[in-house]
Amino acid sequence: MFDLAIIGAGIVGAAAAYLAKRERPEWHVLLLDRSLVGGGATAHSAGLDFPYGRTPGQKHLSVQSARLYEQLRRDIPGLPIRRLPFLGIVSKKNAQQVAERFIEPVRFASDQERADIARSEPGVRVARDQELLVGCFGAIGYAQATASLLVSQFRHLPQAQCWEGVAISDICSVGDGHELKALDGRRIHARRVLIATGPWLLNGPGSALSKAMNVQTKKVAALHVLQAPLLNSPIIYFFDEDAFLLPSCERGEWIFSFTSSEWNCLPYIADLHIQPEERRAALAILERYCPPLVPYCNAGRVFCDAYSSDWAPLISSHPGVENFVIAGACSGAGFRLAPAIAATALQLFPDFGACSVEARIA
């Protein structure tokens with residue numbers, strides 16, 4: 001009998017496993033994944049982190065995640081997260097609202113700063129009716145490598161196991177816990193269960209609750225701009241288009257993430273593609289803001305994520321089922337909010353601990 005079974009070894013599940021063992025080292029914790037650690041949506045995440053929240057709830061999680069990531073970087077040498085300067089471009093009519101959503105101070109750039117940035121690589125254009133937000137930092141994190149490193153640390157702890165390639169088809173309440181039915185025929189028993197399956201929330205254990213909470217899947221797409229950024233190149237976020245340029249010096253390219261309008265797609269990456277009209281729309285945005293990069297958009301990535309109706313993550317105990325928690329619907333912000341989502345989900349178990357994970361780690 002395991003004390004806690006976590007289903008899904010993406011960035012949220014990996015963070016939950018690591019944090020659970022820090023708070024309750026005596027627990028026997030099992031981390032399960034139908035594939036490999038970080039092999040689902042996490043493997044395709046751009047890994048953007050910046051101090052921002054669309055809603056008060058997202059802002060709270062963003063603050064908590066920033067503290068947790070800071071501690072994790074101290075505790076785990078080599079955690080692949082790199083701090084970067086941040087630029088935001090937004091229409092003047094929306095500028096104040098966007099600025100108020102930041103959890104760190106930002107300001108509107110001066111005329112001289114706008115001119116300097118226009119001359120810099122990659123030649124950012126800011127229109128007269130737009131503001132340029134400066135003054136804060138974000139980060140790029142390599143999500144799959146981060147999840148793998150967290151799980152590696154977790155695996156070396158006593159009574160901590162990670163089973164890859166084990167798909168769970170159903171969960172039933174039995175006795176003082178739950179029985180997890182694996183597709184390979186095994187039955188696994190755990191006192192507590194945390195579901196963190198990303199876009200598979202709607203296709204597996206806990207799917208009924210996710211559907212009742214109006215969770216949907218949406219395609220996430222990005223172009224790879226095969227032009228190496230400078231080491232200090234900034235993150236550039238286009239708020240009106242909900243798109244961003246993320247400099248990946250390690251990969252020798254920029255990642256240009258843009259909004260896809262394709263909803264209710266199945267989470268099977270091999271069946272997802274960037275459509276011609278999506279590519280044209282993405283290139284039009286890049287032509288408007290950074291035209292020198294357009295000729296280098298020769299590659300890309302596509303996957304899907306689970307989204308809630310208000311873009312706030314779903315973190316909930318299952319009604320009427322004791323010690324059964326669901327965490328996900330990260331709405332494209334899974335890497336940025338993962339530690340806080342994991343910590344909040346763990347605290348929904350009544351006997352998890354008197355002190356919160358945030359208080360213990362921060």
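Computed from the coordinates by the stated procedures, all read-outs in this text should not be read as laboratory data. Since the model is a prediction, treat every value here as computed from it, not as a measurement. Cβ placement follows ideal geometry from the backbone for every residue including glycine, while neighbour counts extend to all protein chains displayed.
Overview of results
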quantity	calculated
Rg to Rh quotient for the stretch 57-110, alpha carbon positions, Kirkwood Rh	1.07
Residues Thr217, Thr42, sorted so that the one with the fewest Cβ neighbours within 10 Å comes first	Thr217, Thr42
Coarse-grained scattering of the chain at q = 0.08, 0.13 Å⁻¹, given as base-10 log I(q)/I(0) from a Debye sum over alpha-carbon atoms	-0.39, -1.00
Extension gain (nm, one decimal) between Tyr268 and Arg288, 0.36 nm per residue minus Cα-Cα	4.0 nm
The chain - share of DSSP beta bridges that are antiparallel (%, nearest 5)	75
Förster-model FRET efficiency, 22 Å R0, Leu231 and Arg54, C-beta, rounded to 0.05	0.15
Calculated FRET value between Ser35 and Ser120, using beta carbons and R₀ = 45 Å, to 0.05	0.65
Two-site label geometry, Ala208 and Arg155: point separation in nm, points 7 Å out along Cα→Cβ	3.6
Sequence-distant aspartates and glutamates (8 or more away, or on other chains) whose Cα lies within less than 13 Å of Lys92	Asp129, Glu131, Asp240
Sparsely packed GluC sites (Glu not before Pro) within the stretch 250-341, loop by DSSP, other Cβ within 10 Å at most 11	Glu250
Computed log₁₀ I(q)/I(0) - Debye formula, equal Cα scatterers, no solvent, the stretch 224-273, q 0.15, 0.19, 0.27 Å⁻¹	-0.54, -0.74, -0.96
Cross-link pairs beyond the 29 Å C-alpha cut-off, checked among Lys21/Lys219; Lys59/Lys211; Lys59/Lys181	Lys21/Lys219; Lys59/Lys181
At R0 = 30 Å, FRET efficiency that the Cβ-Cβ distance of Arg279 and Ala127 yields, to 0.05	0.80
The stretch 134-219 shape via C-alpha gyration tensor axes, a/c threshold 1.5	oblate
Shape category assigned to the stretch 129-175 from the gyration tensor of Cα positions, a/c cut at 1.5	prolate
Where labels lie 7 Å past Cα in the beta-carbon direction, separation of Ser317 and Gln112 in nm	5.8
